[in-house]
Each structure stands twice: as structure tokens, then as C-alpha cells.
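Laboratory data are not the source of any read-out in this text; all were calculated from the coordinates shown. From a predicted model like this one, the values you see are computed outputs, not experimental measurements. Please note: Cβ atoms are built from the backbone with ideal geometry, for glycine as well, and neighbour counts cover all protein chains shown.
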2 protein chains.
Amino acid sequence: MMNDLAKKTDELPEKMKRFPMVLCRNIWKVGRDDPRRAIHALKVGFSLTLVSLLYLMEPLFQGVGQNAIWAVMTVVVVLEFTAGATLCKGLNRGSGTLLAASLAFLFEFVANKYGKDFRAVFIGTSIFLIGASTTYLRFFPNIKKNYDYGVLVFLLTFNLITVSSYRVDDILKVTRGRVYAIAIGSGVCILMSLFIFPNWSGEDLHNSTVSKIEGLARSIEACVDKYFNDEEQDLEIDDTTEDPIYTNYKAVLDSKSTDETIARHASWEPRLFSWRCRNKFPSQQYIKVGGILRHFGYAVVALHGTVETEIRTSKSVRLLFKDPCIRLVSEVTKSLMELAGSIRNRRRCSPDILTENLHLALQDLNTTLKSQPRLFIGPTNGPNDMPKMPQPKPEKRLSGSKTGSRSFFERKSSVGRERKVLRPMLSKLAITSLEFSEALPLAAFVALLVECVARLDIVIEEVEELGRVACFKEFKDGGDDV
Amino acid sequence: MMNDLAKKTDELPEKMKRFPMVLCRNIWKVGRDDPRRAIHALKVGFSLTLVSLLYLMEPLFQGVGQNAIWAVMTVVVVLEFTAGATLCKGLNRGSGTLLAASLAFLFEFVANKYGKDFRAVFIGTSIFLIGASTTYLRFFPNIKKNYDYGVLVFLLTFNLITVSSYRVDDILKVTRGRVYAIAIGSGVCILMSLFIFPNWSGEDLHNSTVSKIEGLARSIEACVDKYFNDEEQDLEIDDTTEDPIYTNYKAVLDSKSTDETIARHASWEPRLFSWRCRNKFPSQQYIKVGGILRHFGYAVVALHGTVETEIRTSKSVRLLFKDPCIRLVSEVTKSLMELAGSIRNRRRCSPDILTENLHLALQDLNTTLKSQPRLFIGPTNGPNDMPKMPQPKPEKRLSGSKTGSRSFFERKSSVGRERKVLRPMLSKLAITSLEFSEALPLAAFVALLVECVARLDIVIEEVEELGRVACFKEFKDGGDDV
């Protein structure tokens with residue numbers, strides 16, 4: 001314990017010295033990853049200065065008075081990165097405030113008829129009831145998802161007005177001033193987010209869909225490459241470098257909640273620049289494509305599992321299937337890249353172009369499977385039983401056992417924990433599984449590849465549907481250069 | 001268009017009539033799903049009434065004055081469902097406010113030495129700079145994840161104080177009053193969330209881990225049952241009823257962001273009731289277990305894929321493997337349930353008990369595989385080539401093709417869209433894949449089962465690590481009834 005502390009104290013000056021450099025690098029990295037962030041930061045600073053003028057400049061202050069504070073508050077809270085998020089928050093805030101104010105005035109109207117003591121009890125009771133029921137309302141899944149912020153603002157405003165009304169005589173006047181100030185703040189927010197370097201959630205959703213498809217394409221290609229080309233040393237460096245297969249499909253699998261938030265914001269955005277299409281922004285269809293891509297991703301994960309499994313098919317057997325598998329995967333990759341490109345350029349894709357070679361590649365693989373009918377025979381059989389096939393030399397690697405799953409896991413956790421030695425129980429299991437037929441993983445690999453092709457079909461179908469709903473350009477041959 | 005409108009208008013009275021019933025059912029359902037919600041709602045109502053008394057009761061009002069509003073605001077914004085979330089938000093808010101106040105007074109101290117015009121310019125500039133840089137700071141991944149709310153409050157408070165200071169003379173006094181009121185509000189929140197029917201995020205994380213493990217166990221069991229027992233009619237009713245396989249693993253796969261939020265909150269919670277363990281609540285280890293469970297879940301998804309694939313192995317062949325597969329899976333299920341039970345009761349589990357039968361079941365499956373060496377022969381071979389095996393009768397179902405993937409997708413989307421007829425391109429692909437060896441999916445199924453067992457190993461290891469870090473009770477034989 002003391003040693004730890006001493007060590008940390010020793011490291012402190014070193015860390016302090018490096019801190020400015022690390023900070024600068026981080027600042028630069030955040031901006032380089034997405035330059036719109038820097039622009040947004042400037043926009044917020046500018047908007048805040050703008051509403052502060054209400055307070056700082058004499059003529060403006062005459063009009064708005066102390067309530068200018070509420071304009072500042074509105075800008076801080078409502079102005080978000082994308083136009084959709086700003087509108088969503090602004091409208092939630094606006095409607096929450098209006099509803100709460102109406103209800104508060106209704107209560108005030110009723111309470112006003114009675115004496116002061118009764119009013120205190122009445123206000124206390126209504127605060128309790130509205131507080132409890134509004135909080136309960138926030139647990140409704142639908143409200144939690146879409147209107148949580150609005151309900152919170154409703155509760156806040158209702159309480160502020162009701163409580164203040166007890167001591168302030170002309171609560172209506174006070175409230176009116178605040179509402180004006182909030183309206184000014186909201187106006188600035190809308191102006192800034194819609195008209196000055198706007199960032200669109202719809203655009204983000206669109207781009208993230210494209211990059212997810214590309215990521216899956218890269219992931220599946222790398223998977224198959226690794227299966228057929230990996231050498232012994234691969235297993236050693238596996239843990240230190242980031243595995244591109246893993247990072248690419250991981251981004252797709254973890255995208256659900258982010259996508260749903262972006263899509264919710266996108267559905268608030270007006271389609272200012274959509275002269276071609278009268279439909280609303282099809283955020284639901286993007287969500288659907290996202291779901292289908294995740295479904296495709298699960299197959300890629302399973303494929304990755306067979307690549308990194310404990311039981312390895314011997315290289316000579318794998319070589320037999322190398323060409324048709326690689327051909328099939330390159331067709332799948334090509335189709336995915338074509339799809340990504342068509343979404344990026346907002347034009348429809350031609351299903352024929354996408355699948356004609358795929359069809360041939362599938363047949364090719366099928367022919368290879370048929371030409372090796374005795375392949376999937378367990379290793380217990382004598383070699384005299386397999387005339388057509390080169391002698392499989394089982395490459396059983398106990399040292400590499402569990403690398404796949406384990407490295408998956410260790411990549412997730414923060415680095416730095418020493419690897420634990422396998423307990424006897426574990427290695428017992430590992431040895432057992434090593435005795436299985438070495439043809440099993442190859443069969444699984446091929447079956448999962450075919451499964452990927454089947455799922456690719458659904459991806460193609462949904463992307464076409466997306467093109468239809470979002471009014472993408474019609475397909476033209478060589479249409480990319482339009 | 002007009003027809004639609006007319007139809008909707010016709011349905012309106014019917015909907016209005018049903019609305020109260022639907023509402024009541026929803027209200028009841030939200031409370032029944034988790035009765036703590038109702039308690040939390042009452043707690044919020046009570047806390048709000050409590051802080052309102054500052055305003056409503058004369059002697060209290062004398063002390064706090066108009067600033068009582070800030071206590072109300074604090075309670076509305078800070079009091080969250082679990083203790084951890086409340087503390088996280090409260091501390092974020094507190095530190096944001098204090099930092100902002102200090103900085104604002106520093107600026108005020110500098111600006112005060114100069115004339116009014118200079119002060120206005122100085123305030124405007126500082127608002128711009130602080131606004132822009134703070135907003136930029138919020139894009140840092142680490143800050144966005146942990147301190148986003150604190151940074152927002154910092155910006156808000158800084159602006160409020162700086163702007164107000166321009167017109168108010170004794171800003172220090174005003175601020176002090178507010179800080180007192182906020183402290184009272186925070187005190188009420190902490191009291192309510194820590195001591196009166198507290199809900200712990202750590203508890204939530206713990207329980208969700210248990211139910212995820214149980215869900216996976218049920219899912220994998222249902223998967224294998226379906227593979228060996230399904231009859232033709234299954235495919236027909238597949239789309240209407242919720243598939244238990246799907247719902248169970250889906251909950252695990254989608255748990256990442258929720259889990260991370262809960263874990264972040266849990267790490268703020270003091271371990272009030274942990275007399276046994278001096279360690280912090282091991283939220284990171286729970287997150288790790290969650291990641292491993294998701295990894296296990298991907299294997300289950302792949303298994304589900306082979307169950308619902310287009311190419312189906314004939315029943316007679318499947319029957320050969322039924323017993324060892326079902327035995328293996330029941331052992332996997334038993335191990336998972338044992339793990340779930342051990343976490344629920346906070347006691348360690350014995351790896352030997354978990355895996356000894358698993359080991360035997362694996363060997364059993366292996367023996368079966370070896371005893372059917374010629375199983376994985378493509379359908380092109382003549383039947384005279386397979387002496388040991390019953391005649392496989394390929395059950396090729398074109399009608400059922402794509403049911404698996406499609407039903408996955410349609411379960412996701414809202415029901416009600418008519419099914420589209422398969423386009424020629426799709427069915428061409430489907431036919432091609434149907435010509436593949438029917439042994440492929442069986443091989444994939446078995447390989448994935450073995451993969452599940454391998455991943456189960458890592459689950460066991462991580463749950464043991466969890467037991468160690470969280471100081472679960474030591475394992476005792478028949479220890480459940482302690």
C-alpha cells in the first residue's frame with residue numbers, strides 16, 4: 001500500500017511534465033476526428049455572447065430586464081450538436097414549459113379564492129401529487145424514450161411557478177417576462193443550429209450506415225484472409241495489435257443505442273434541402289438497415305469464432321477450399337462495397353450487378369464441395385479410405401487454445417493484467433475438444449459463409465427499400481460520375 | 001388521402017373509449033414490472049413538498065428567502081431513481097457549480113478594477129471563450145462519458161453569475177444565498193436516495209447479470225430443442241408468436257450501453273452494507289462478465305442461425321446426434337443456471353461441479369462423431385456408400401427459405417407490412433444454396449455447440465473472478481440453504 005503510494009508520488013512529476021503535451025494531442029485529435037466539433041464550439045460561444053448582450057447593452061436590457069438570465073439558460077441547455085437534437089430538446093422544453101405554466105395558472109386560479117393557510121396546504125398537496133405522478137410517468141417506456149426531457153421541464157416549471165406564486169403578487173407578469181426571454185433564447189438556438197453551419201443528424205445516420213457496411217466488408221474479407229493465410233506467428237502478436245476484424249464488426253454490433261438516438265433526432269429535422277423527395281426523412285428505414293447489418297454482423301462474429309477456434313483444420317485441407325471461398329468472399333465484399341457506395345452517392349443499386357457473380361461463386365463453392373465428397377470424415381478413419389484427398393495432417397495447437405475468445409475478452413478490458421495460467425479444469429476441456437474431428441470447423445466455416453450470403457440478400461433488399469423510401473437517384477450504368 | 005382521414009376520424013371515438021382502459025393497464029403494468037418505481041415517485045413528491053415548505057412556511061422563508069427556488073430546482077434535477085445516479089448527478093452538479101463560481105469571481109475581481117464599458121467587453125469576451133472551450137471539452141470521450149452533466153452545469157453557472165454580476169452590486173451575497181439553498185436541496189436528495197427505501201445501481205447490475213445468464217441458458221436450450229424436435233407447422237406460427245430463443249439472447253446482446261450506465265452509477269455508491277468486503281463495488285468486473293456473456297451470446301445467435309437456416313439436415317441424420325447434443329446442452333444449461341444461482345446468492349461456485357459432467361458429455365458427443373465417420377459426405381454419393389447410417393432423405397424446403405433471417409427482421413420491425421414476394425434474384429440464390437451438402441449445417445451446429453462450451457469456460461472463469469473480487473461466500477457443498 002505504502003509502496004504503491006510512493007511509486008505514484010515518484011511518477012507524478014513525470015506525469016505533470018507530460019500532461020501539457022498529452023492534452024494538446026488530445027485537443028488536436030478531437031478536432032481532427034470531426035472538425036464540425038470546433039465549429040460547434042465556436043457557435044455556442046457566439047450564441048452565448050449574443051444573448052448576453054441582452055444584459056450587457058443598456059437599450060436591450062431596458063426591454064428584457066433581469067429575465068435575460070433565462071435566455072442565457074435556454075441557450076446553454078438547448079443548443080446541441082445537431083439541428084435535430086436542438087429542435088427535439090427545444091420543442092420538448094417549450095411544450096413542457098407551456099403545459100406547466102397553464103396548469104400552474106389553473107391551480108393558482110382555484111387557490112386564489114381562499115385564504116392564505118388554505119393556499120399553502122393546497123400548493124403543498126398539488127406539488128406532491130404532480131411531483132409523484134409526473135415522476136411515475138417518466139417510467140413509461142414510450143415517454144422515457146421520446147419525452148423524458150419535456151416531462152422534467154414540465155415538473156420543474158410547474159414547481160417554480162406554483163411556489164413563487166405564493167409570495168409574488170403578479171405572477172403573470174413575471175412569467176410573461178420569462179417566456180419572452182426563453183423565446184429569444186430558443187430563437188437564437190434555432191437560428192444557429194438550422195442556418196449557420198448546420199449539422200444534420202440525418203446526415204450522421206446516413207454516413208454511419210455507409211461506414212458500417214464498409215466495416216463489415218473489411219471485416220469479413222480479413223476473416224477469410226486470416227483463415228487461409230495465417231501462419232504460426234499470427235497467434236503471438238494477436239493480443240498486442242488491434243485486430244481489424246474485431247474492431248470493424250464491433251462498431252456495428254455496438255451501434256444500436258447510438259443509432260436510435262440519432263434517428264430520433266433526425267426525425268425532428270425538416271428536410272430543407274430535399275427538393276427531390278416529399279417523404280419524411282426515413283429514419284425508421286435506416287434503423288431497420290442497422291438492425292439487418294447487426295444481424296449480418298452476428299454471422300461475421302461466428303465466422304471469426306471458427307477462424308480462431310481451438311480445433312484447426314489442417315492446412316492441406318483448407319487449401320482445397322481456399323480458391324472458391326476467397327472468390328465467394330470477394331464477391332460478398334464487392335457487393336457490400338457497392339451497396340455502401342450507392343448509399344453514399346444516394347443512388348439506387350442494381351440487384352443484378354450485385355448478385356450475378358455471387359451466384360457463380362456460390363455454384364463454384366458447391367462444385368468444390370461435391371468434388372470432395374469424402375472430406376468430412378473424422379480423423380479416426382484410415383488414410384486408405386480417402387483416395388481423392390491429400391493426407392490431412394492435424395495441426396493441433398494446445399498452446400493456442402482459447403486464443404480467440406480470450407483475446408476478444410482481453411481486448412475489451414483495459415490492458416495490464418497478467419495472463420492467468422489455465423486451470424487444470426480448463427485444459428482438460430480444451431484437450432477433449434481437440435479430439436474432435438478436424439473437419440468440423442471447416443464445415444462450420446463454409447456453412448457460415450453461405451449463411452453470410454443468405455443474410456447479404458436481406459441487406460440488399462433493405463438497402464433497396466431504403467433507396468425507394470429516401471428517393472435515391474435511379475440506377476444508371478456507370479452512374480457514379482453523374 | 002381523404003379516405004385515410006375519414007377512416008381515422010371514424011376510429012377516433014372507438015380509440016377515445018378504449019383510452020382510459022389502455023392507460024390504466026399501462027399504469028398498472030409499469031408499477032407491476034418494478035414496484036420500486038411507485039415508491040420512487042412517492043419519494044420525489046415528498047421531497048418536493050419538503051423543499052417547498054422553505055417557501056410556504058413563514059419562519060423558514062425568513063431564513064432562506066427567494067432563493068428557496070433553487071432548492072426546488074435541485075431536487076427536481078438531481079433526485080434520480082438509484083442512489084448511485086443521484087450521487088453521480090449531485091456531485092457533478094456540486095463541483096460544476098463550485099468551480100464555475102470560483103472562476104466567475106476571479107473574473108469579476110479582475111473586471112471590477114476597470115470602467116463599465118471595459119467590463120462589458122471583458123464579460124462578453126470571457127463568455128465567448130469559456131463557452132467555446134467548455135463546449136469543445138464536452139467532445140472529449142472521457143469527459144462526455146463521466147462528467148458531461150458537470151461541465152454543462154459549470155457553463156450554466158458561470159454564465160449566470162458573470163452576466164448577473166454586471167447589474168447586481170453585491171453578487172457575493174446573492175450567490176451565497178443560492179449556494180445555501182442548493183445545499184439544502186442536495187441534502188434532501190441524499191437523505192431520500194440513501195436512507196429512505198434506497199435503490200442501488202449495484203443491486204440492479206447484479207440482478208441484471210443473473211437474469212442475463214439465465215436468459216442465455218434458456219435460449220441455448222430452446223435452440224437445441226427446436227433443432228431436434230421441430231415439425232413442419234413450426235415454420236407457420238413462427239412469425240406471430242414471440243420466439244423465446246430470440247428474446248432471451250437479444251436482451252443480452254443489447255445490454256451494453258445500459259450496463260455501462262448502471263455500472264458508472266454503481267461506482268459512486270458507498271458500500272454501506274458490505275461488512276464482509278472492504279473492496280469497492282466491482283462494477284468493472286460486472287461489465288467484464290457482461291462482455292463475456294455477450295461474446296457467449298454471439299455463439300448462441302450463430303447457433304440459432306443454423307437452426308433456422310435454409311438448408312436443413314434430414315431428420316434421420318439429426319436423430320443420430322440428438323442424444324449427445326441434448327445431453328451436452330443440458331449440461332451447459334445446468335452450468336449456466338448454477339452460475340446464475342451462485343451470483344444471486346452471492347456465494348462462490350465450484351468449478352468441478354460445474355464442469356465434470358460437461359466433460360463427460362463432450363466425450364460422449366465426440367464418440368458419436370467418431371462412430372459416424374461417413375456422415376459428412378455430400379448428397380452426391382450413392383447410398384451404397386454408407387453402411388452405418390440410415391438413409392438420409394433430404395428435406396429441402398423452398399417455401400421455408402429465409403424464414404430464419406426474415407423472421408428475425410420482422411420481429412424487429414413493427415408488424416403490419418405485407419410480406420413481399422421473393423424477387424427472382426433472391427430465389428435463384430436460395431436454390432443454389434439448397435444444393436449444398438445437407439451435412440454442412442449439422443457440422444456447423446455441432447461445431448458451434450463446441451464453441452459454446454469453450455466460451456462457457458471463459459464465463460465460468462470470469463464469474464469466479466467476480467466472486468473473488470466481490471468477496472462472495474466460499475463454496476460449501478449444499479451451501480444454498482445457508
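When the charge dipole of the stretch A:4-62 is built from unit charges on Cβ atoms (+1 for Lys and Arg, -1 for Asp and Glu) and taken about the Cα centre, the candidate among A:Thr49, A:Leu60, A:Ile27 whose Cα reaches farthest toward its positive end is A:Ile27. Take the Cα of A:Gln284, step 7 Å toward its Cβ, do the same at B:Lys113, and the gap between the two points is 6.4 nm. For A:Cys471, the amide hydrogen comes within under 5 Å of no other amide hydrogen, counting only partners 5 or more places away or on other chains and with H modelled in the peptide plane.
Between copies, the label points of A:Asp225, set 7 Å from Cα on the Cα→Cβ line, lie 4.4 nm apart, reported in increasing order to one decimal in nanometres. Counts of other chain beta carbons within 10 angstrom of each beta carbon in peptide A:247-260 average 2. The other copies place their A:Lys173 label points at 2.3 nm from this one, listed shortest first, where each point is 7 Å from Cα along Cα→Cβ. Take each residue in A:297-305, count the other chain C-beta atoms within 10 Å of its C-beta, and the mean is 6. Count Lys and Arg as plus one, Asp and Glu as minus one, and take only other residues whose Cβ is under 11 Å from that of B:Asn199; the net charge is then -2.
Across the stretch A:345-356, coupling constants 3J(HN,Hα) worked out from phi with the 6.51/-1.76/1.60 Karplus curve, θ = phi - 60°, read 8, 6, 10, 5, 10, 9, x, 5, 4, 5, 10, 5 Hz, and Gly and Pro carry x. Packing here is the average count of other Cβ atoms within 10 Å per residue, and on that basis the peptides A:296-308, A:123-135, highest first, run A:296-308, A:123-135.
Distances from B:Val110 to itself in the other copies, using label points 7 Å out along the Cα-Cβ axis, amount to 5.3 nm in increasing order.
Report the net charge of residues surrounding B:Ile27, where surrounding means a beta-carbon distance below 14 angstrom and charges are Lys +1, Arg +1, Asp -1, Glu -1. Charge balance in the 14 Å sphere: +3.
By the Stokes-Einstein formula, at 0.890 mPa s and 25 °C, the stretch A:151-230 with its Kirkwood radius over alpha-carbon pairs has D equal to 137 µm²/s. Averaging 1/r over each pair of different alpha-carbon atoms in the stretch A:48-115 and inverting the result gives 14.2 Å, the Kirkwood hydrodynamic radius. Among the listed pairs B:Lys144/B:Lys250; A:Lys89/A:Lys288; A:Lys212/A:Lys250, those with a Cα-Cα distance over 20 Å are B:Lys144/B:Lys250; A:Lys89/A:Lys288. The Cα atoms of the stretch B:1-98 cover 63, 30, 26 Å along the three principal axes, with the biggest extent listed first. A DSSP coil position with no more than 15 other Cβ atoms inside 10 Å describes the following trypsin sites (Lys or Arg not before Pro) in the stretch B:99-160: B:Lys113. Modelled this way, with points 7 Å down the Cα-to-C-beta line, the labels at A:Arg346 and B:Ile196 are 5.5 nm from one another. For the stretch B:93-174, the equivalent ellipsoid derived from the Cα gyration tensor has semi-axes of 25, 14, 8 Å, listed largest first. Counting, for every residue in B:23-33, the Cβ atoms of other protein chains within 10 Å of its Cβ and taking the mean gives 2.
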